[in-house]
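*Asks:* I'd like to ask some things about the structure below.
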Amino acid sequence: MNTPDVTGFYHERTGSIQYVVADLATGKCAIIDPVLDYDEKSGSTATKSADAILQHIAGRGLSVEWILDTHPHADHFSAAQYLKSKTGAPTAIGAHVIAVQRLWNDIYNWSGFACDGSQWDRLFSAGDSFSIGNIDGTVFHSPGHTLASITYVIGDAAFIHDTLFMPDSGSARADFPGGSASDLWSSIQEILTLPDETRLFTGHDYRQGGRQATWESTVGLQRRSNPHVAGKTQADFIALRTARDRTLPMPKLMLHALQVNLRGGELPPPEDNGRRYLKIPLNAFSGTASD
Ligand SMILES: N[C@@H](CCC(=O)N[C@@H](CS)C(=O)NCC(=O)O)C(=O)O
Ligand SMILES: [Fe+2]
């Protein structure tokens, strides 16, 4: 069977979708883009979302083979380390995460931080393969939203994260450090070379027009009805993407999230009092101080 069973878990607070992708024939599964809950007002983290995933996995008698991230997220913390501590499964992300670590290592002025991707068990490059039970997976390098973004193609399903959203919601932004609208266009085009009926699972849904959250489309549907690709040239896409990105504020948690996510979901090391802290670079980015 080439058709993994896919369950999406919607994270209301950040509009993120976390996935469990299973080969029901063998009872093996992967977790993709799990969220560690974080309340920026109190500085507290929680594992409610990740525990709901573990409960689903236990309820179905699945065993976890992989904990996969599609990119270093800028809007939420990754629960990869927490889930590794609970399941023993290896973690993975795109190999270009090293370039993203270098970029942010300068911004955060971290001392002694290893910018070598050693925080994950496996770094995937374009064309690499892996498996979940008897189902084969392969990897596209899909830069544009971030330098390190990758797409996991698992059987007839592709986890396209922040490239295309649902057809009524266009595409992801391309204005983060290392982002590029023209790279994002190329990454989207590669995804759209998959067969028309390929199931596409997106990384976010912001509930366009207040509708219910939804996350599954197909290549055919995207080609026909996503206004960021249907009938568009690369130049059209770059123009519309760049214009929209100029209107978007930085994600509320970007400066919090990257210092956790570039550590593979590990919180920063404790200081001599045993407490862990986040560090916010001041005036590294422009924003509206009056908001
Ligand atoms: N308001 C959200 C925005 C998050 C955000 O920027 N999301 C990215 C994906 S990580 C995106 O592509 N957003 C597209 C958009 O907001 O149109 C926040 O502050 O967290
Ligand atoms: Fe993202």
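Read-outs: derived from the displayed coordinates by stated rules, not from any lab. Please read these numbers as outputs of a predicted model, since none were measured by experiment. Quick reminder, even Gly has a Cβ in these numbers, built from the backbone with ideal geometry, and neighbours come from all protein chains shown.
*Asks:* Given a Förster distance of 45 angstrom, what is the FRET efficiency for Ala126 paired with Glu40, based on the Cβ-Cβ distance and rounded to 0.05? Can you show the working numbers first?
*Replies:* Values: r = 35 Å, r/R0 = 0.78.
Rounded to the nearest 0.05, the efficiency is 0.80.
*Asks:* For the ranges 73-82, 143-152, 246-255, what's the packing order if you count other beta-carbon atoms within 10 Å of each residue, average per peptide, and put the highest first?
*Replies:* Working: 73-82: 24.6, 143-152: 26.9, 246-255: 13.3.
Averaged packing, sorted descending, gives the order 143-152, 73-82, 246-255.
*Asks:* Multiplying the sequence separation of Glu12 and Arg244 by 0.36 nm and subtracting their Cα-Cα distance, what value in nm do you get?
*Replies:* On the way: separation 232, 0.36 × 232 = 83.52 nm, distance 2.33 nm.
Extra length available between Glu12 and Arg244 comes to 81.2 nm.
*Asks:* For a Förster distance of 45 Å, can you work out the FRET efficiency between the beta-carbons of Glu271 and Asp168, rounded to the nearest 0.05? Don't skip to the answer; put the middle values down first.
*Replies:* Values: r = 46 Å, r/R0 = 1.03.
Taking R0 as 45 Å, the efficiency between Glu271 and Asp168 is 0.45.
*Asks:* Run the helix sum for the chain: -39,500 (n - 2.57) per DSSP H stretch of 4+ residues, divided by residue count, reported at 222 nm to the nearest 500 deg cm²/dmol.
*Replies:* -7000 deg cm²/dmol
*Asks:* Let me ask something additional. So, counting K/R as plus one and D/E as minus one, what does the shell of residues with Cβ under 14 Å around Pro4 add up to?
*Replies:* Details: positive: Lys28, Arg60, Arg199; negative: Asp5, Asp23, Glu65, Asp136, Asp156, Glu216.
Overall, the nearby charge balance is -3.
*Asks:* In the chain, with Lys and Arg counted as +1 and Asp and Glu as -1 at Cβ, which of these residues, Ala92, His256, Leu36, has the Cα nearest the positive end of the dipole, that is, farthest along it?
*Replies:* His256
*Asks:* Mind putting together the pair-distance distribution for segment 61-113? All Cα pairs, 10 Å bins, whole percent per bin, short to long.
*Replies:* P(r) over segment 61-113, rounded to whole percents: 21, 43, 30, 6, 1.
*Asks:* Something else about it: Mind checking the full-extension length gain between Lys279 and Gln55? Use 0.36 nm per residue of separation minus the Cα-Cα distance, one decimal, nm. Don't skip to the end; give the middle numbers.
*Replies:* Numbers: separation 224, 0.36 × 224 = 80.64 nm, distance 3.30 nm.
Additional length available on full extension: 77.3 nm.
*Asks:* Hey, what's the per residue convex hull volume over the C-alpha atoms of the chain, in cubic angstrom?
*Replies:* Details: hull volume 39.1 nm³, N = 291.
Given the Cα convex hull of the chain, per-residue volume reads 134 Å³.
*Asks:* Moving on to the next point. With +1 on each Lys and Arg Cβ and -1 on each Asp and Glu Cβ, how big is the dipole of the chain about its Cα centre, in debye rounded to the nearest 20?
*Replies:* Numbers: 24 positive and 32 negative charges, 90 e Å.
Roughly 440 debye, rounded to the nearest 20.
*Asks:* Among the lysines in segment 5-261, how many pairs, 8 or more places apart or on different chains, have alpha carbons under 28 Å apart?
*Replies:* Lysine pairs meeting the criterion: 10.
*Asks:* Take the Cα radius of gyration of segment 15-167 and divide it by 2.2 N^0.38 Å, with N its residue count; two decimals is plenty.
*Replies:* Against the compact-globule rule of thumb, the ratio is 1.04.
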